[in-house]
Amino acid sequence: MDAAAATIADPFAFVLHECDLLDRWRLQEWLSLWAEECSYWVPALPGQESPHDALSHIYDDRRLLETRVRRFAHAMFHAQKPPSRTVRFATNLRVVEQPGAALSVLCSLQVAEFRNGLHRSYLGHCRYDLLRGGAGGLLIRRKRFELIDCDAPQEGISIIL
Amino acid sequence: MRVPRVAQYRGFWFASLAAEGPSLEEFLGPMTTSFDDMVDRSPSGTLEVAGGFSKHVYRGNWKLVLENHNDTLHPRFVHASSVAAAREQSDAVPTDGAGAVQIRQMRQNGAPAQVWEELGIWTSEWGHSFMGDYHTDKAAVALAEDDPVQVEYRRALAARVGEARAAEILAVSRFNTVVYPNLSFMSRFRQLRIIVPLAVDRTMLVTHTFRMPGAPERMFHDSIAFANVVNGTGSLVLTDDLETYERVQRGLESQGGEWVDAARGLGADAPDPSGMLRGATGTSEVHIRNQFAAWARWMTGAA
Ligand SMILES: [Fe+2]
């Protein structure tokens, strides 16, 4: 586990750090922000409540998330040749306290992507359910990013949102 | 707009814009057996459209995805990154079930050449085709045979149709069926895609999956996870297919060559006792030649 990541205790700083690691392609460090049991979810329908009852653009549990990250290192990840450049804007952040040590951060998230001459933009509402790790730092239990156009046709999403 | 003809087969409704032409069953021909496969597997003998839908688009012609769906040569190359990443994944890491289904499927895509070569691929009139299933990992299909969920499912199926018929139904081993020019489905996995051309270089796919009423709910959850890996917009597998279609499209738009070769297996395809033409090996491009034969027939108005 990355020591720096596990000690970020402020939820807003944590979310901005998460965005920054993705923009800088520091994927191993990014993976260390996640709890041992976790999920990364981009639903295909607005308000979708369970990832097991309906199709999603992306639904990863911890095992699949590790596989997703590992694939970026492979020479034949065709959809990332050339690799994307991204920039993220997380705004309107607010914390929702939850019982026990857990808390959630809600934000408006935009991920702008440039690859192979094309600009794409992913815009939506993101919710982070966070845990307090051993050192007092935060860990991601769940990240759910609902695109405002999630039920419209999407092109292949080869980056991590 | 009034649609001149509608008809259904096993509950799947089709519309035709042509007032005259072959009946639905004549048009589907041997592809009806794939619909049978999909519906017969349900312990209640019916399927329920469930799980919502997802849509994806690619910047390429609609023919590219149809040529791909029965192509057995590409997985080891196009999907090399997800095969390798999945193989290296530790199964000790937590999963809620969804990741396990997807990772099994990715590993299966790396099946050795011999598995693909030995598969059956069959074509019929009007551009249709289907291929045998390549899942040597039986657990990837429907959980291990001794899994309680699988045992419960078999019991429910046999209760309706009897042990002998249940065994017959479960022995059908089929992967993608392409009903040319706008439908593709996986009968064994309850996945269905409608292909919608938006422009000469832009195509949309609408993905559906189904619940088998009377089967354990876990099987529906596995179908959802399977849909996400084979059709999910952010799938570790599909993204490389979409990238490939787009590269092929750019190649076709270039002045690089006048002809595209689709001759793999040409001359060795042979009529099957069923009346279909079967590729000599599983990697024959017999399905692509068959699609273009149907296309030429329509475009020239030949009977
Ligand atoms: Fe593929």
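The values are calculated or read from the model by the stated rules, or taken from the named source; none is laboratory data. Quick caveat: nothing in here was measured; it's all calculated off a predicted structure. Cβ coordinates were reconstructed from backbone atoms using ideal geometry, including for glycine residues, and neighbour counts include every protein chain displayed.
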- prompt: Looking at the range B:195-303, what helices (runs of 4 or more DSSP H) fall wholly within it and have at least 3 residues that are closer than 30 Å to B:Gly97 by Cα and of a type in the set (Gly, Ala, Ser)?
  reply: B:217-231
- request: Taking A:Ala112 as the residue in question, decide whether it is small (Gly, Ala, Ser) and within 30 Å of B:Pro94 (Cα to Cα).
  value: no
- prompt: Out of curiosity, is B:Met186 surrounded by fewer than 20 Cβ atoms within 10 Å (Cβ to Cβ), of a type outside the set (Ser, Thr, Tyr) and either within 17 Å of B:Tyr9 (Cα to Cα) or away from the ligand (no atom under 16 Å from the Cβ) (or both)?
  reply: no
query: If you go through the range A:105-154, how many residues are buried (at least 18 other Cβ atoms within 10 Å of the Cβ) and either of a type outside the set (Lys, Arg) or away from every other protein chain (no Cβ under 14 Å) (or both)?
result: 23
- request: Name the single residue, out of those in the range B:85-99 being surrounded by fewer than 21 Cβ atoms within 10 Å (Cβ to Cβ) and of a type in the set (A, V, I, L, M, F, W, C), that is farthest from the ligand (Cβ to nearest atom).
  value: B:Ala92
task: Please work out which residue is nearest to A:Val42 (Cα to Cα), limiting yourself to the range B:222-231 and to residues that are within 8 Å of another protein chain (Cβ to nearest Cβ) and at pLDDT 95 or above.
output: B:Asn228
query: Restricting the first residue to the range B:65-90 and requiring it to be within 16 Å of A:Gln80 (Cβ to Cβ), which pairs with a second residue that is among the aromatic types (Phe, Trp, Tyr) and away from the ligand (no atom under 13 Å from the Cβ) meet a Cβ separation below 8 Å and a spacing of at least six or different chains?
result: B:Ser81/A:Phe77
- line: Going through the range A:62-93 in order, the residues found to be without any contact (Cβ under 8 Å) to a residue 24 or more places away in the chain and crowded, with 21+ Cβ neighbours inside 10 Å are A:Arg63, A:Leu64, A:Thr67, A:Arg70, A:Arg71, A:His78
- request: Just name the residue that is farthest from the other protein chains (Cβ to nearest Cβ) out of those in the range B:99-126 that are of a type in the set (Gly, Ala, Ser) and under 20 Å from the mean Cα position of the chain (by Cα).
  value: B:Ser124
message: Step by step: first the residues of the range A:69-86, then only those that are within 7 Å of another protein chain (Cβ to nearest Cβ) and touching a Phe, Trp or Tyr at 6+ places or on another chain (Cβ under 8 Å), then the one that is farthest from B:Ala50 (Cα to Cα). Which residue is that?
response: A:Met76
- request: Tell me which residues, restricted to the range B:43-71, are more than 14 Å from chain A (Cβ to nearest Cβ) and within 16 Å of the ligand (Cβ to nearest atom).
  value: B:Lys63, B:Leu66, B:Glu67, B:His69, B:Asn70, B:Asp71
task: Kindly indicate whether any position in the range B:215-238 is closer than 21 Å to A:Gln80 by Cα and more than 21 Å from the chain's Cα centre (by Cα).
output: no
statement: Condition set touching an Asp or Glu at 6+ places or on another chain (Cβ under 6 Å) and hydrophobic (A, V, I, L, M, F, W, C), scope the range B:94-105, selection farthest from A:Pro51 (Cα to Cα): answer is B:Val101
